[in-house]
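One structure is given below, encoded as structure tokens.
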Amino acid sequence: MSVAVDIITIVAITAGAFFFLAGTVGLLRFPDTLTRLHALTKADNLGLGLVVLGLVPQAGSLRGGLKLLCVWALALLAGAMVSQLIAREASGQRGDPAMRHDGPPP
Amino acid sequence: MSNPSDALGRLMAHALARAVALLILWLVLAGSDLADLPAGIVAVLAATVTSLRLLPVGPSRLSPVLLGPLALRFLYQSVAAGIDVAWRALDPRLPLRPGFVVYSVCFPLGSARNAFAALTSLLPGTVPAGDEGSRLVYHCLDVDQPVVSQLAAEEAALRHAIRHD
Amino acid sequence: MIEFMTTVLGFILAMLALGLVRILRGPADADRMMAAQLIGTGGIAALLLLGTVTAVPATVDVALTLALLATFASIAFVKKGRANAPDSTGDA
Amino acid sequence: MTVASALEMALAAVVLGVATWTIAARETFAAVVGFVTYGLLLALIWVRLDAVDVALVEAAIGGGLGGVLLLGAAARLRVTETPTATERPSATVRVGAALLSAAVAAALATGVILLPDPAPTLAPAAAANATATGLGNPVTNVLMAFRAMDTMLEKVVLLLALVGVWSLAPDRLWGGHPGPRHRADPLGTLAFLARLLPPVGIVVGIYVFWTGKDHPGGAFQGGTILAAMWLLVMMAGIADAPQVSSRRLRIVLIAGPGIFLAVGLAGFAIGSAFLAYPVAYAKPLILGIEVAMTLTIAATLGLLLAGAPERSAGQ
């Protein structure tokens, strides 16, 4: 039982570390501010989620595990809001019309 | 809805639902020791009153029954988003076609639309980057993706979970 | 398990350090602002791992505080951008 | 070399790197971002040093309110920054500054080297009397019982700082609303966050205060979180900062140090000296003081960040 739990922890935390790696590589390689924002928020949020998932079985109690999930939920909310605020600031609400692709009316 | 006692009943129901959610948060943080409960009650009361003042009870709300599937859906999407950005970052050819996509959203300005924007910021390759009247401007990592149809599907899912009293 | 978590913790810190180099170089202010976001998310992961490794459960409270307040620097940044504009009623 | 010590060195290297970058950055805004990052990383170091109470303060102030304050200052300085960047101080000034910095660094280094080994400490005495107050967190014991005078005076200092900020207001605006009236789209992203987050923040803030009696946490950390939530609502334009002449506000501002002082004076009558708690009532008295201090700290920090009065009533 405890071995199976440890394997879950190791797999999840390793996967989390991989997404932190991907986020940083994206940050270094992506060409402009807005694309870098994608790399940062999407990859790192998933990385944090997987690290939390790996730590939950090690928390020792149901409450400890739920507390970890609370931290992740708050971080996810913060990420969703901050990425929008920074994106709106960086794009200056303009956007190049030539690059726009209008959707059909609903 | 015109009946004042109905309105009061709805207010009480909303207040109770928020208080229960905040109480659960307190119990997760502080534990269920009886000695801690007085502080917890003060905290939950203060937070509930603040919540009702900041976000007054509106005519619509998220259905608690459908909240679970909705949360699972967006959890799945945020995993897909992480994988999507990871392979784009690690691929030597750097497959990006960044650009803006304008999406006409049906939700009126307000909480529902903000929730939609927040949830779609977790989708693979999109982040809301501005408003144009009734339309949201999305910045996309790859404009060749079927972004608009994907957003429409998410909008339908969120609409499905909103109940009008 | 402790050794494993310590190694991952070091790896995540290395990733944060690398990411910081990119962000602190800019060029745009928004690029720099992402440093707070990077340290927010990565720092929370590092704190949670560190708390487990050193067996200090109260570390979760530090991570919780960080998650709650991680938005503030970015909010101040966005507000600042608007405060200089003649019409500050924009969406911010 | 073990994995753990390699990790500590890596952490120290990253923090030193960010610190150097912050000092070297020529642009105020870039330096502020560096400093915020530095503060967040420092929280990790405090946890590693087993000082979780300090880590909580660092996370709340360094990651939260400090960043808001410094970014605001950087935004104001930006107008004057371009002209100052082109100015070049004279050689005398530069050499003088270098000598002064080197002298301060040398004095600090000498002080550290001259410290007796082992350092003089009251930690064993504090630990031996840890059960006297009925509180489980040794840091709270030291702050509220063994060094209560310092803690009380710290709150008075905060209050004095606020009076200092207020005194920057022009005479005709004295008593008005602090700072600019923030405006934001009431249906926008920031307003949405400012409607969702504060209830959660209030529960977390009160929890951090309450848990401080037995675990890391306390009035300052909890009060900072509450102040941040108040500030968020103000920055989103949902609520205005109150007039500084408001009586209710002023009562909250003096509640913490006032009750602290009252309990301290009562020590002459019911205890053995100023600020000596009767042992039987130590815990409820300390908790009562801490409740008042949490509110005072939240109000003081929120108003410190809101700034000097800039608008008269109704503006």
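The values are calculated or read from the model by the stated rules, or taken from the named source; none is laboratory data. None of these values were measured; they are calculated from a predicted model. Virtual Cβ from ideal backbone geometry, glycine too; neighbours counted across all protein chains shown. SASA here: full protein model, heavy atoms, side chains in, ligands and nucleic acids out. Shrake-Rupley method; radii C 1.70, N 1.55, O 1.52, S 1.80 Å.
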Every residue in the range D:1-21 that is open to solvent by 20 Å² or more (accessible area, probe 1.4 Å) and more than 9 Å from chain C (Cβ to nearest Cβ), please. D:MET1, D:SER5, D:GLU8, D:MET9, D:ALA12, D:LEU16, D:ALA19, D:THR20
Just one listed residue, out of C:GLY40, C:GLY10, C:GLY19, C:GLY51, is in a helix (DSSP H, G or I), closer than 13 Å to A:ALA17 by Cα and without any contact (Cβ under 8 Å) to a residue 60 or more places away in the chain, and it is C:GLY10
Does D:ILE254 count as over 20 Å from the mean Cα position of the chain (by Cα) and away from chain B (no Cβ under 14 Å)? no
Answer yes if at least one residue in the range D:196-210 is at negative phi, modelled with pLDDT under 85 and not hydroxyl-bearing (Ser, Thr, Tyr), and no otherwise. no
Restricted to the range D:48-99 and to residues being within 17 Å of C:PRO57 (Cα to Cα) and β-branched (Val, Ile, Thr), the residue nearest to the other protein chains (Cβ to nearest Cβ) is D:VAL52
For the range D:231-243 the number of residues that are within 13 Å of chain B (Cβ to nearest Cβ), among the small types (Gly, Ala, Ser) and in contact (Cβ under 8 Å) with a residue 24 or more places away in the chain is 2
So is C:ALA36 open to solvent by less than 10 Å² (accessible area, probe 1.4 Å) and farther than 13 Å from D:LEU44 by Cβ or not? yes
Looking at A:GLY95, A:GLY103, which one is modelled with pLDDT under 85 and at positive phi? A:GLY95
Verdict on B:ALA15 being away from chain D (no Cβ under 13 Å) and open to solvent by less than 70 Å² (accessible area, probe 1.4 Å): no
Does the range D:190-230 hold any residues that are open to solvent by 10 Å² or more (accessible area, probe 1.4 Å), under 20 Å from the mean Cα position of the chain (by Cα) and more than 9 Å from chain B (Cβ to nearest Cβ), and which are they? D:LYS213, D:HIS215, D:PRO216, D:PHE220, D:GLN221, D:LEU226, D:TRP230
Regarding the range A:5-20, can at least one residue be identified that is open to solvent by less than 10 Å² (accessible area, probe 1.4 Å) and outside any helix (DSSP H, G or I)? no
Filter the range D:30-47 down to residues that are closer than 9 Å to D:VAL18 by Cβ and more than 7 Å from every other protein chain (Cβ to nearest Cβ) and give me whichever is most open to solvent (accessible area, probe 1.4 Å). D:PHE35
Filter the range A:42-57 down to residues that are among the hydrophobic types (A, V, I, L, M, F, W, C), facing chain B (nearest Cβ under 9 Å) and either open to solvent by less than 10 Å² (accessible area, probe 1.4 Å) or over 15 Å from C:GLY42 (Cβ atoms) (or both), then give me how many there are. 1
